[in-house]
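J.: Have a look at this one.
The values are calculated or read from the model by the stated rules, or taken from the named source; none is laboratory data. Owing to the predicted nature of the structure, the values given are computational and were not obtained by experimental measurement. Don't worry about glycine lacking a Cβ; one is built from the backbone with ideal geometry, like all the others, and counts go over all protein chains shown. We work out accessible area using only protein heavy atoms, side chains counted, and drop any ligands, DNA or RNA first. Shrake-Rupley method; radii C 1.70, N 1.55, O 1.52, S 1.80 Å.
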Amino acid sequence: MNNFNQRAQTWDNNPMHAERSAAIAENLIKRIPVKPEMIALDFGAGTGILSFMLANRFRSITMMDSALGMVSVMQDKVKEQGFANLKPVLFDLVKNVYETETFDCLFTQMVLHHISDIDGIFSRFYTVLRPGGYVAIADLYPEDGSFHGDSFDGHFGFDVIELTEKLERAGFKDVSTESCFIYRKMTEKGLKDFPIFLMIASK
């Protein structure tokens, strides 16, 4: 995931990133009873596109990323746009336990397929959520590996039934999944559509 430092400055230039986040935000608000007093964690926030779209829905959102380049972009955007309730944080939740605070909602988009230990990160998700909290995961349905190309060593999307079982083993309940967006991308095999799901569960 080191290349995200290099890609940070141009990440927002891709209109598909904003379109994807808008679709995820709409689906999330429709399915989670968000209240103004709730605080949220955006795991693997990137440049914070999704958090900025949801900023007026939550009391505060911690935008967590392990890439310094992404966090720097978020810091600049917060200053420019004046969102005092958005908090960029440089932290690697995959490798470390986060003990600063707990959250009412955790959302993450297109991050899970980069993480090798899914059971481990689901355990961390469960720990940072308050009782009654929600987790919302947007990622790829199973694909042929062309989304990232031959050099990618992560997951080629997810079987949502298997992912549901992993969430339940971590302690989550009421897991539900809906398709929320089609990501159209030029690949080595030509232009392809990659469907994205949003899976939501509660603690």
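J.: So what's the back-of-envelope 222 nm ellipticity for the chain, counting only DSSP H runs of four-plus at -39500 (n - 2.57) apiece and dividing by all residues, rounded to 500? Provide the component values of the computation, followed by the final result.
T.: Details: 6 runs with 63 residues, N = 203.
Theoretical 222 nm ellipticity from helices: -9500 deg cm²/dmol.
J.: Just in segment 139-192: which GluC sites (Glu not before Pro) are loop by DSSP and have at most 10 other Cβ atoms within 10 Å? If you can, show how the numbers build up before the last one.
T.: Details: sites: Glu143, Glu162, Glu165, Glu168, Glu178, Glu188; in loops: Glu143, Glu188.
In loop regions of segment 139-192 (DSSP not H, G, I, E or B), the sparsely surrounded GluC sites (Glu not before Pro) are Glu188.
J.: For a quick check of your reading of the filter: which GluC sites (Glu not before Pro) in segment 61-103 sit in a DSSP loop and have no more than 12 other Cβ atoms within 10 Å?
T.: Working: sites: Glu80, Glu99, Glu101; in loops: Glu99, Glu101.
Those satisfying the criteria are Glu99, Glu101.
J.: Ranked by accessible surface with a 1.4 Å probe, highest first, in what order do Met74, Met16 come? Provide the component values of the computation, followed by the final result.
T.: Details: Met74 0, Met16 35 Å².
Order by accessible area, largest first: Met16, Met74.
J.: Which FRET efficiency, nearest 0.05, do Lys79 and Ser116 yield, Cβ-Cβ r, R0 22 Å? Present the calculation step by step, with values, prior to reporting the outcome.
T.: Numbers: r = 35 Å, r/R0 = 1.57.
FRET efficiency, Lys79 to Ser116: 0.05.
J.: Mind giving me the nanometre distance, one decimal, between the label points for Asp193 and Glu101, set 7 Å out from Cα along Cα→Cβ?
T.: Taking the two extended label points, one gets 4.0 nm.
J.: So, with a 1.4 angstrom probe, what is the percent of accessible area on the chain that is carbon and sulfur?
T.: 48 percent
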